[in-house]
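In what follows, a structure is listed as structure tokens, so that the remarks can point back to it.
The values are calculated or read from the model by the stated rules, or taken from the named source; none is laboratory data. In this text, all values refer to a predicted model and were calculated from it rather than measured experimentally. Heads up, the Cβs are rebuilt from the backbone with ideal geometry, glycines too, and the neighbour counts pull from every protein chain shown. With ligands, DNA and RNA removed, areas are computed over all heavy atoms of the protein, side chains included. Shrake-Rupley method; radii C 1.70, N 1.55, O 1.52, S 1.80 Å.
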Amino acid sequence: MIKLGIMSFAHMHAYSYATAIAQVNGVELSAVWDDDVARGKAAAEQNGTKLIADLDAFLKSDIDGVIICSENVKHRPMVEAAARAKKWILCEKPLATTIEDARAMVELCKKEGVGLGTAFPCRHVPPLVAVKNDIADGKYGNIYAATCTNNGSYPGGWFADEALSGGGATMDHTVHVADVLRWMLGKEFTHVYCENGNLIRTGIGTDDFGALHLEMEGGVKIQHIASWNRSKSYPTWGDVTMEIIGEKGVVTVDAFNQKINLYNDDAMKAQWVGWGDNSDLGLVQDFADSIRERRDPAASGIDGLKAVEVTVAAYKSAKSNQRVAV
Amino acid sequence: MRLGIIGCGVLGKFHAPCAVKAGFSVVACSDPVKENAESLAAQYGAKVVNDAMALCALPDVDVVAICTPTPYHAAYVVEAAKHGKHIFCEKPFCRTLKQCEEALAAAKKAGVKLFVGHVVRYFQEFCAIKQQIADGKVGKVGTVRTYRGGQSPLGEGAWFRDFEKSGGVTLDCIIHDFDWLRYAFGDPERVFAQDLRERIDEGIDYAMVTFRMKNGIIATVTGSWAHPSGFKVLVEVCGDNGMITFDSREAPLASQLRGDGGMAPGVVLPASPVNDSPYYLEWADFKGWLDGKHEPRVTPEDAVWAVRMGLAAIESAEKQQPVTF
């Protein structure tokens, strides 16, 4: 049995990871820790596990690995504490808010001999896996360009506080697609141009929309939209979409468009109910396997760092109105 | 109002019945491909004029419609204006800003009315979107996204696939969106773009464009001439109190022909019939302007602005830096 702990429930994904842990064979949520003790206690109760309120005691317990779901700026100290305690680590994305932090986290984990992963569940979404495999098989020939979106609803709370999040939608919703593109095409990003701003819910204190133009090795051209612009009345949380232009054809993927339409009179809005596979199960399964096999998770700390490099360049570009090198 | 049509290919044939419905009579047709001019002329009992410049001088022509490849627009506008003819010109107005200026100056000097066919301003779905925004249904607009395109067109002599002539998907296709964005949201501040123009002769062009408008709105436009088949238009407008989305694939009709019917078997053709086609509506607007009833929805200055936006996007894609207006 692989014993996992969750560090912090600040990010709502912690709750869905806890649910996934309960569903994956050979894995259990043996303890949680949270710098917000009340939140940690409630989460522990909700998920039928125990809270260890003292960080040292939590890290000295018999857990094999931790999933870190704190506010973005706290990822580094939590990863460092877990690495020194020789725990395997899966960290919520973005891995860090600065390149310096991300690099330090990767290096420390390497030094301590522990695996470090970044929570990029898109790598476990079957429609995206299918596109990746088709590209690898040469179905579309050389890839020339892509238009991508990662739209979302406004998450509120600390996400809009740059002192805790490090940035807004441009950061939150660029890293998934940046990772998917690197994973699908096997190329690194070279340049970024970005226009962004606080355009939808004005006055939230951070950007809620970013329009990016990226270039990858070999001159692959990418347009990406990172947003929190879905309205409250929109039928779902958001999307991950890609239209990929290749030598032999075009493929469009709407990663979560496996849904039924629900019209419920209590909600008084149309709702999309997804029936596709839960990618969190794949994420947790891979993390458990990485602990058993003493390797990095599928999306490693380096992959997290590469995505951070793109967001950092995007903010630099948005500030200077110039295309910048990654 | 007697109309002479220069360029009787796909668009000339398409415009003729719309112009007739709006109250014009087709009296002269010219096309370097003689069969094109002859078949259109026969349909309306018009005469065929081999030399398009001579058509511009005909005393029994009141209005000249220019439906040629883009690089020829300016010369015909200048000639038609010289002879005091009013002018309908297909978009894009011209291939270069210098041509735009010359053509516009000629029309102004001659005191003739010049209308450029930015037909998207007349599409019912785009009107509905603009109306909902004006009615405050999405609150204050922050972001806009449009998508237009599909298969790469060829045109006579494959001129669409010659970037010097057509300006690619950016200047020929998504100029529709550029014009509509400016119509709905005001002037742009700067633009950044990427494209695949280097593959245009393979039948592939794809443009990805971001405008920062003067009022702060960020508008992204994607244009495709990269698809093996099909065509789609997408629009998304997000505000602080709601969103609007449109997808042309959600059409009321979808036909799929057994056998080829001129298309590859199995291709689904969506259709969205309306009583008044937007192409008729633009001709009716032009007619109303000529009759002194109202100002046109598209002014010549709007048409120059659309070319300016298209050329700035092309310049940005070349330099890989933003271009400020």
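Tabulated data
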quantity: Every residue from the range B:159-170 that is away from chain A (no Cβ under 14 Å), closer than 25 Å to A:Ile143 by Cβ and hydrophobic (A, V, I, L, M, F, W, C); calculated: B:Phe160, B:Phe163
quantity: Hits in the range B:292-321 - residues which are in a loop (DSSP other than H, G, I, E, B) and polar (S, T, N, Q); calculated: B:Thr299, B:Gln320, B:Gln321
quantity: Matching residues, the range B:110-151, being open to solvent by less than 10 Å² (accessible area, probe 1.4 Å) and touching a Gly at 6+ places or on another chain (Cβ under 8 Å); calculated: B:Val138, B:Gly142, B:Tyr147, B:Gly149, B:Gly150
quantity: Residues that are over 23 Å from the mean Cα position of the chain (by Cα), surrounded by fewer than 19 Cβ atoms within 10 Å (Cβ to Cβ) and either under 30 Å from A:Ile204 (Cβ atoms) or within 7 Å of another protein chain (Cβ to nearest Cβ) (or both), drawn from the range B:209-252; calculated: B:Lys214, B:Asn215, B:Gly216, B:Asp240, B:Asn241, B:Gly242
quantity: Test: residue in the range B:297-306 that is at pLDDT 95 or above, out of contact with any Ser or Thr (no Cβ under 8 Å at 6 or more places or on another chain), within 14 Å of chain A (Cβ to nearest Cβ) and surrounded by fewer than 20 Cβ atoms within 10 Å (Cβ to Cβ); calculated: no
quantity: Residue pairs meeting the criteria (Cβ under 6 Å; at least 6 apart or on separate chains; first in contact (Cβ under 8 Å) with a residue 60 or more places away in the chain and more than 10 Å from chain A (Cβ to nearest Cβ), in the range B:135-151; second of a type in the set (Gly, Ala, Ser) and open to solvent by 10 Å² or more (accessible area, probe 1.4 Å)); calculated: B:Gln151/B:Ser229
quantity: Counted residues, the range A:16-54 - those being assigned to a helix (DSSP H, G or I), buried (at least 17 other Cβ atoms within 10 Å of the Cβ) and not hydroxyl-bearing (Ser, Thr, Tyr); calculated: 6
quantity: Qualifying residue in the range A:272-289 (condition: free of Cβ contacts under 8 Å to residues at least 40 places away in the same chain, open to solvent by 50 Å² or more (accessible area, probe 1.4 Å), away from chain B (no Cβ under 14 Å) and part of a strand (DSSP E or B)); calculated: yes
quantity: Selection from the range B:155-183 of residues that are open to solvent by less than 30 Å² (accessible area, probe 1.4 Å) and among the aliphatic types (A, V, I, L, M); calculated: B:Val169, B:Leu171, B:Ile174, B:Ile175, B:Leu181
quantity: Answer from A:Lys269, A:Lys259 - the residue that is more than 14 Å from chain B (Cβ to nearest Cβ), open to solvent by 10 Å² or more (accessible area, probe 1.4 Å) and free of Cβ contacts under 8 Å to residues at least 40 places away in the same chain; calculated: A:Lys259
quantity: Hey, A:Lys93 open to solvent by 10 Å² or more (accessible area, probe 1.4 Å) and either part of a loop (DSSP other than H, G, I, E, B) or modelled with pLDDT of 95 or more (or both) or not; calculated: no
quantity: Spans of strands (runs of 3 or more DSSP E) in the range B:1-79 with at least 1 residues under 17 Å from the mean Cα position of the chain (by Cα), at pLDDT 95 or above and under 21 Å from B:Lys165 (Cα atoms); calculated: B:2-6, B:63-66
quantity: Residue satisfying all of: in the range B:80-102; within 16 Å of the chain's Cα centre (by Cα) and not charged (D, E, K, R); nearest to B:Trp283 (Cα to Cα) among these; calculated: B:Phe88
quantity: The one condition in (1) closer than 13 Å to A:Ile244 by Cβ; (2) more than 20 Å from the chain's Cα centre (by Cα) that A:Ile200 fails to fulfil; calculated: (1)
quantity: Counted residues, the range B:178-189 - those being of a type in the set (Asp, Glu) and away from every other protein chain (no Cβ under 14 Å); calculated: 2
quantity: Whichever residue in the range A:201-219 is touching a Gly at 6+ places or on another chain (Cβ under 7 Å) and within 19 Å of A:Gln322 (Cα to Cα) and, among such residues, is farthest from the other protein chains (Cβ to nearest Cβ); calculated: A:Asp207
quantity: Unique match (being in a strand (DSSP E or B) and modelled with pLDDT under 95) among B:Ala254, B:Ala219, B:Ala226; calculated: B:Ala254
quantity: Some residue of the range A:192-199 being more than 8 Å from every other protein chain (Cβ to nearest Cβ), under 20 Å from B:Arg212 (Cα atoms), open to solvent by 10 Å² or more (accessible area, probe 1.4 Å) and in contact (Cβ under 8 Å) with a residue 12 or more places away in the chain; calculated: yes
quantity: B:Gln124 being more than 30 Å from A:Thr170 (Cβ to Cβ), polar (S, T, N, Q) and either under 15 Å from the mean Cα position of the chain (by Cα) or more than 14 Å from chain A (Cβ to nearest Cβ) (or both); calculated: yes
quantity: Residues satisfying the stated conditions in the range A:114-149, i.e. free of Cβ contacts under 8 Å to residues at least 12 places away in the same chain and under 16 Å from A:His176 (Cβ atoms); calculated: A:Val129
quantity: Count of residues meeting criterion [more than 8 Å from chain B (Cβ to nearest Cβ), open to solvent by less than 10 Å² (accessible area, probe 1.4 Å) and assigned to a strand (DSSP E or B)] in the range A:223-256; calculated: 6
quantity: Given (1) hydrophobic (A, V, I, L, M, F, W, C); (2) closer than 26 Å to A:Val326 by Cα; (3) open to solvent by less than 10 Å² (accessible area, probe 1.4 Å); (4) more than 14 Å from every other protein chain (Cβ to nearest Cβ), number of the condition A:Val125 does not satisfy; calculated: (2)
quantity: Checklist (1) of a type in the set (Val, Ile, Thr); (2) more than 22 Å from A:Pro155 (Cβ to Cβ); (3) open to solvent by 10 Å² or more (accessible area, probe 1.4 Å) applied to A:Ile63, failing item; calculated: (3)
quantity: Residue under evaluation A:Asp172, criteria (1) among the acidic types (Asp, Glu); (2) over 30 Å from A:Arg294 (Cβ atoms); (3) within 19 Å of the chain's Cα centre (by Cα); (4) open to solvent by 20 Å² or more (accessible area, probe 1.4 Å), criterion not met; calculated: (4)
quantity: The range B:190-208, residues that are more than 7 Å from every other protein chain (Cβ to nearest Cβ), crowded, with 23+ Cβ neighbours inside 10 Å and over 13 Å from B:His227 (Cα atoms); calculated: B:Val191, B:Ala193, B:Asp195
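Matching residues to (1) closer than 24 Å to A:Ile6 by Cβ; (2) in the same structural domain as A:Asp64 (by TED's automatic domain parsing); (3) polar (S, T, N, Q):
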| residue | (1), (2), (3) |
| --- | --- |
| A:Asp239 | no, no, no |
| A:Lys248 | no, no, no |
| A:Val251 | no, no, no |
| A:Gln271 | no, no, yes |
| A:Ser290 | yes, yes, yes |
| A:Arg295 | yes, yes, no |
| A:Lys316 | no, no, no |
